[in-house]
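The values are calculated or read from the model by the stated rules, or taken from the named source; none is laboratory data. None of the values given here were measured: they were computed from a predicted structure. So basically every Cβ, Gly included, is an ideal-geometry build from the backbone, and we count neighbours across all protein chains shown.
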């Protein structure tokens, strides 16, 4: 009989040792991947075991009560698109705007065409969109150091 010789002998322990080693490696990998490593978050407290397992599987562990207090809503802008706001935008002084735009050319490029992908091109931008963006910078709803300072120096009129 061929089973009575060599690696295929019935009393050979190595196949069982190999399968047991593989199962042990899988268990250790699962524990490390889903429990230990998933618990630690950058700049935050470590998760509990269940939260770590859910995070490792890509599932959010939503265990909080439904009536938990929610953070207050943030108003994304102060602009209300009313007819008076749109009339105010349409009544803008183009000559004054061209004079103010001379300051914008340093970053946004000549004629409002930016050479950098980080700085938007202003040429062709809708006046209402530009009005809203400048108001958001002026009010602090949108943060960018240089633009905030530039917008605060401007008046609405």
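Quick check on my filter: what residues within region 126-157 are assigned to a loop (DSSP other than H, G, I, E, B) and either in contact with a strand residue (DSSP E or B) (Cβ under 9 Å, 6 or more places away or on another chain) or loosely packed, with under 14 Cβ neighbours inside 10 Å (or both)?
Within region 126-157, 126, 140, 143, 144, 153, 154, 155, 156, 157 meet the criteria.
Being in a loop (DSSP other than H, G, I, E, B), at pLDDT 75 or above and touching a helix residue (DSSP H, G or I) at 6+ places or on another chain (Cβ under 7 Å) is the filter here, so list the residues in region 40-84 that pass it.
Passing the criteria: 46, 47, 77, 78, 79.
Read through the list (1) within 26 Å of the chain's Cα centre (by Cα); (2) part of a helix (DSSP H, G or I); (3) not assigned by TED's automatic domain parsing to the domain that holds residue 35, then give the number of the only condition that residue 88 fails.
Status for residue 88: all satisfied but (1).
So residue 98 passes all but one of these: (1) exposed (fewer than 12 other Cβ atoms within 10 Å of the Cβ); (2) touching a residue at least 12 places away in the same chain (Cβ under 8 Å); (3) over 28 Å from residue 75 (Cβ atoms). Which condition number does it fail?
Looking at each condition in turn, residue 98 falls short on (2).
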